[in-house]
Amino acid sequence: MEKNKISIVVPCFNEKEALPLFYNKITWVLNQMSQASEAEGLSYELIIVDDGSMDGTLDVAKELATNDSSVKYISFSRNFGKEAAMYAPCRHE
C-alpha cells in the first residue's frame, strides 16, 4: 500500500455519456492536488465499478483504463446496487 494514495471508487450504472466527463473533471482536480503536494508524493487511483450496465459503460471504463494506468475497473454480471459496487474494491484486492 502506498503511503499517500487516494483511492476513489466510482459506481456506475448506465453512465456511458457521463463517465468521460466525470473522468476529465476528477483527474484535473487530482492532478492539481498531486502537483500542490508533490513533496509528499500524493498519488491516486480511480476504481470504476460497472454495476451491470447495458449501455456501453464497461467499454468506456476499459478504454480509460487502457489509456491511464491510474484507472482500474471491476465489472458485475448484473445490477447489484451501489452498496455492492462501493464494497467490491475492498474484496477485490
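The values are calculated or read from the model by the stated rules, or taken from the named source; none is laboratory data. Keep in mind that what you see is a predicted model, and the values were worked out from it rather than measured. Note that we place each Cβ from the backbone using ideal geometry, even for glycine, and neighbour counts take in every protein chain shown. When the accessible area is computed, the model is the full protein with side chains, heavy atoms only, and any ligands, DNA or RNA have been set aside. Shrake-Rupley method; radii C 1.70, N 1.55, O 1.52, S 1.80 Å.
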Along the Cα→Cβ direction, 7 angstrom out, place labels at residue 77 and residue 54. What is the inter-label distance in nm?
1.7 nm
Report the accessible area of residue 75, computed with a 1.4 Å probe over the heavy atoms of all protein chains in place, in Å² rounded to the nearest 10.
60 Å²
Would you mind checking which residues have amide H under 5 Å from residue 72's amide H? H placed 1.01 Å from N; only 5 or more apart, or other chain.
46, 47, 48
Cα-projected label distance for residue 63 with residue 25, points at 7 Å along beta-carbon direction, nm
2.0 nm
With every protein chain in place, the accessible area of residue 42 for a 1.4 Å probe, in Å² rounded to the nearest 10, comes to 40 Å²
